[in-house]
Amino acid sequence: MRFIRIIALMVFTISIAAYSCSTKALLKAGDEAFSKNQYQTAIAKYKKANSKAKDKEEKDDINYKLAESYRLTNENRRLPSIYKRLIKNEYDKKKPEIRLYYGDALKKQQKYNEALEQYEAYKKLRDEDSRAQYGIESVKQEKEWNNNRSKYTVNRIKDISSKQSDFAPSYYNSTHTEIIFTSTREGGKGKEKDAWTGQNFSDLYTAKKDRKGEWSTPIPLDEDKIINTKANEGSPFLNKKFNKLYFTRCPTKKSQESGCMIMVSQRNGRAYGEPKRVEINGIDTLDVVGHPTLSDDERIMIFSGKLKNNIGINDLYITTRKSKNDKFIRPQNMGPVINTEGKEVYPFLKNDTTLYFSSNGHPGLGGLDIFVTYKREDGSWTIPQNLGAPINSAGDDFGITFNRDSDNDMGFFSSNRDNRRGFEDIYEFVVPPLEFTISGTVKNNRSLQYVEGAEVKLVGSNGAVATTKTNDKGFYTFGKNQVLPNTSYEVLFSKPDFFNAKAVENTIGLEGGKDFTMDQMLMPIPNGTVVLPEILYDLGKWDLKPQYEDSLQGLIMTLDQNPNVKIELAAHTDPRGSTESNDLLSQRRAQSVVDYLVLRGIDPGRMIAKGYGERVPIRLSKDITKDGFLFKKGTVLDEAHINRIKNKEQKELAYEMNRRTEFKVLSRNYSGEGNNSSGVEIITDINTNEVPFTTQEKTGIIIIPININGYTQDFYYEKISSPSVSLDAAKEWLSKGIIGKDNFGENAEKALANGTVANNSTFVVPELTLAGKTIYDVKFTVRYRQKNPITIGQKGLSQFGKFKIDKASKKIIFDK
């Protein structure tokens, strides 16, 4: 028994030792591959080690290394679950940077609020790391970058895309119809897989665009395979004459460690000379440098590198030489304005003074974003600006290049946006021509019907004027040849029987084209009276108080914009005092308003002032609350009604509302000729009890002229009819402004839809006046089959008073 126990203990001890040896060997192999940037090999080793590990702490260490390998190979989709598990196990206390990396992974998935939590947590742990604050700023600026998209339009080039990575494009000829780019697609020179990425080794390819804008199938750069080798070649850059190719080469020698270097090859047509390493003082074969861009004279070079004096993972360096055949001097780090603790890669120097590059250290939308910085006269560089959407995205965006001969910004860049596997595609971008249009629909503000034939005038700050008219649907438009960049515009709307209207718009400073929509509601010129707001008078006074002068500003603006309109100004008093004194008082009140309008530049010939004294008490068109007292809609504040009010304060308010000034339009074709005096007329006779009528020739139906909201209309008297109108009459009333949307109440939108009036819809006319008497809130029905335009029956006519029809004199006579 004891022997069995000893044997069992020995077996257990041996298995533990074998397990430990196996796990340590796998971890050692993984770490060795990781140190050589062979991340795919490292991932395979770490996965096996993780499956064998039993200790919780050891599994966390392995998961962290596995996450690092995924992060450095851009396999972002695998990261959040690992980071979440590590943070749950409080591994962030050991490795605080996983909070930062977790935030980066979430940001790439556009989970910005969750990313912000991780950045803020990392900032508490490592406040000195600028990437924490940059991450926070990125999330906070994301909405602004996406909502205020830049001037570029962006399209993926499907014709040259492969199932692998295609990136770092550059123009390949002087006509800018061909590009050269990096690709890991099948068919390259190298047959093995890159232990870093797990993809094929990268080679350079070219593709050409034909006259139809279609791209040819990409082909390897050189048939002789002088440029493309078993190593990684990429990041091509052609000099200004397109006769010299600079590119990056990363040798793959298993027997010895090597870095990446910048190569150059002389080009003759489509043939290349043997590539030579670009000599840079202080750089050896073990250093990692690449992504070259050069000035037009090839004496300045900027590149990305991992050198001893790096600020971050990859920094940008600048170096110069005396001539394009000399050796470059020792490069200088471009400093903390450009470089961060993250990666700065893929620079492109435009016009020798504008530098574009990609970074995941500066605030951005996702992984690598493209930035721009400008060279100052003293040689320093401005703070990099994020190009924003749509150039940048939640993915990696890099390797931008420009057509240096084009007047408009256009070119290519690489991005892995919308690619589930994280592989890059090539995108083209362009600043579209600045084209603008202004269009819209004009409607009647009261009737909601389309206004046909309205004149719309476009007046530009450049002196150009264009005019058009609305169609039967109220639509107008000004095209791209009429609406120009960097110009401000007034859009003037006019039509007879409507107040003029004006809108303003401008294209100044806009970097992208835009179709402006400028809908306009035209207000029909009213025919009934309009109570001017808040022009009240003290008892027995007529002077216009300064606090009520503002109430006339709307009327002044209307008269200024509509110089052909002539109005009547009517002043009223309350019933207290004698008729004679009230007539004089109302006359003086009307004159005080006229005098003020003349002082403000209104032609006195455009105004007729009338004093009505106490003869026309106000009728409330809506509920009014004053000082806590409610005065209901439809109430006529005549002397009888006011005398029934018991509260003295409320009674005084009722008197005050009668002391008012109103205006109504008399004509729309004032020419400035005639009498320019604005004398005041006192109205003493506003009642009559006899109304003449005519008869319809065939039927003998009585036709009565009745005033409706300031318009006189013929009503057909049919004994048993209730007030109604035909469709044509209803549309005419709408077009003339006799009725409007408010008359239809809550059902206005439904009743007035589609530019017509619905059958059997009803509306209320506020006032009908006949024989000096006014009745209120008369309900009408629209009837499509009705033959006569407007009908009224005995019941309706009786509301004006008891009457008789004298056929001999052809008069309707109302009892006095």
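The values are calculated or read from the model by the stated rules, or taken from the named source; none is laboratory data. Note that the structure is a prediction, hence the values are computed from the model and not measured. As a convention, Cβ positions derive from the backbone with ideal geometry for all residues, glycine included, and neighbour counts pool all protein chains shown. Surface accessibility is based on the protein's heavy atoms, side chains included, excluding ligands, DNA and RNA. Shrake-Rupley method; radii C 1.70, N 1.55, O 1.52, S 1.80 Å.
Results, tabulated for the structure shown:
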quantity: Filter result for the condition that a residue is at pLDDT 80 or above and assigned to a helix (DSSP H, G or I), over Thr23, Thr41; calculated: Thr41
quantity: Subset of segment 415-430 [over 28 Å from the mean Cα position of the chain (by Cα) and on the phi > 0 side of the Ramachandran plot]; calculated: Gly422
quantity: Residue satisfying all of: in segment 573-614; of a type in the set (A, V, I, L, M, F, W, C) and open to solvent by less than 30 Å² (accessible area, probe 1.4 Å); nearest to Trp542 (Cα to Cα) among these; calculated: Leu585
quantity: Of all residues in segment 615-674 being closer than 27 Å to Thr688 by Cα and among the β-branched types (Val, Ile, Thr), the one that is surrounded by the fewest Cβ atoms within 10 Å (Cβ to Cβ); calculated: Val636
quantity: Residue match in segment 732-741 (condition: more than 28 Å from Leu666 (Cβ to Cβ), in contact with a helix residue (DSSP H, G or I) (Cβ under 7 Å, 6 or more places away or on another chain) and not in a strand (DSSP E or B)); calculated: no
quantity: Lone unmet requirement of (1) crowded, with 17+ Cβ neighbours inside 10 Å; (2) modelled with pLDDT under 95; (3) polar (S, T, N, Q) for Thr293; calculated: (2)
quantity: Failed item in (1) buried (at least 18 other Cβ atoms within 10 Å of the Cβ); (2) charged (D, E, K, R); (3) under 23 Å from Thr184 (Cβ atoms), with Arg321 passing the rest; calculated: (3)
quantity: Qualifying positions in segment 779-802 - farther than 16 Å from Phe693 by Cβ and in contact with an Asp or Glu (Cβ under 8 Å, 6 or more places away or on another chain); calculated: Lys802
quantity: So Leu768, is it closer than 25 Å to Thr688 by Cβ, of a type in the set (A, V, I, L, M) and in a helix (DSSP H, G or I); calculated: no
quantity: Residue within segment 134-151 that is open to solvent by 30 Å² or more (accessible area, probe 1.4 Å), in a helix (DSSP H, G or I), among the hydroxyl-bearing types (Ser, Thr, Tyr) and over 25 Å from Phe242 (Cβ atoms) present; calculated: yes
quantity: Selection count where residues are among the charged types (D, E, K, R) and either at pLDDT 90 or above or surrounded by 16 or more Cβ atoms within 10 Å (Cβ to Cβ) (or both), scope segment 698-731; calculated: 4
quantity: Pair list, Cβ < 6 Å and 6+ apart or interchain, from segment 93-113 residues that are part of a helix (DSSP H, G or I) to residues that are of a type in the set (S, T, N, Q); calculated: Arg99/Gln118; Tyr102/Gln118; Gly103/Gln118; Ala105/Asn76; Lys108/Asn76
quantity: Looking only at segment 119-133, and only at residues there that are free of Cβ contacts under 8 Å to residues at least 24 places away in the same chain and not basic (Lys, Arg), the one that is least open to solvent (accessible area, probe 1.4 Å); calculated: Tyr119
quantity: In segment 90-143, the residues that are in contact with a helix residue (DSSP H, G or I) (Cβ under 6 Å, 6 or more places away or on another chain) and of a type in the set (A, V, I, L, M, F, W, C); calculated: Ile98, Leu100, Ala105, Leu106, Ala115, Leu116, Ala121, Ala132, Ile136, Val139
quantity: Among (1) open to solvent by less than 40 Å² (accessible area, probe 1.4 Å); (2) touching a residue at least 24 places away in the same chain (Cβ under 8 Å); (3) within 25 Å of Glu452 (Cα to Cα) - the single one Phe744 does not satisfy; calculated: (2)
quantity: Residues located in segment 364-377, provided they are at pLDDT 90 or above and farther than 25 Å from Asn403 by Cβ; calculated: Arg376
quantity: Any hit, segment 450-463, residues being surrounded by 13 or more Cβ atoms within 10 Å (Cβ to Cβ), among the aliphatic types (A, V, I, L, M) and modelled with pLDDT under 90; calculated: no
quantity: When residues of segment 264-291 are limited to those that are in contact with a Pro (Cβ under 8 Å, 6 or more places away or on another chain), part of a strand (DSSP E or B) and of a type outside the set (Gly, Ala, Ser), the one farthest from Asn333 (Cα to Cα); calculated: Val264
quantity: Residue that is most open to solvent (accessible area, probe 1.4 Å) [pool: residues in segment 196-215 that are over 13 Å from Phe181 (Cβ atoms), in contact with an Asp or Glu (Cβ under 8 Å, 6 or more places away or on another chain) and in a loop (DSSP other than H, G, I, E, B)]; calculated: Glu214
quantity: Residue among Leu66, Leu100 that is closer than 13 Å to Gly135 by Cα and of a type outside the set (Ser, Thr, Tyr); calculated: Leu100
quantity: Counted residues, segment 464-478 - those being surrounded by fewer than 20 Cβ atoms within 10 Å (Cβ to Cβ), of a type in the set (Ser, Thr, Tyr) and part of a loop (DSSP other than H, G, I, E, B); calculated: 0
quantity: Residue among Asn759, Asn788 that alone is in contact with a strand residue (DSSP E or B) (Cβ under 6 Å, 6 or more places away or on another chain) and either aromatic (Phe, Trp, Tyr) or assigned to a loop (DSSP other than H, G, I, E, B) (or both); calculated: Asn788
quantity: Filter pass, Leu116 being open to solvent by less than 60 Å² (accessible area, probe 1.4 Å), farther than 26 Å from Glu424 by Cα and assigned to a helix (DSSP H, G or I); calculated: yes
quantity: Hits in segment 324-344 (condition: under 30 Å from Tyr102 (Cα atoms), open to solvent by 10 Å² or more (accessible area, probe 1.4 Å) and either among the hydroxyl-bearing types (Ser, Thr, Tyr) or not in a loop (DSSP other than H, G, I, E, B) (or both)); calculated: Asn333, Lys343
quantity: Subset of segment 419-446 that is basic (Lys, Arg) and over 30 Å from Ile738 (Cβ atoms) - its residue that is least open to solvent (accessible area, probe 1.4 Å); calculated: Arg421
quantity: Segment 509-539: number of residues that are in a loop (DSSP other than H, G, I, E, B), hydrophobic (A, V, I, L, M, F, W, C) and modelled with pLDDT of 80 or more; calculated: 3
quantity: Flag for Phe780 being without any contact (Cβ under 8 Å) to a residue 60 or more places away in the chain, assigned to a strand (DSSP E or B) and buried (at least 17 other Cβ atoms within 10 Å of the Cβ); calculated: yes
quantity: Residues within segment 638-653 that are farther than 13 Å from Leu539 by Cβ and within 52 Å of the chain's Cα centre (by Cα), tallied; calculated: 1
quantity: Qualifying positions in segment 397-432 - polar (S, T, N, Q) and over 16 Å from Gln199 (Cβ atoms); calculated: Thr401, Asn403, Ser406, Asn408, Ser415
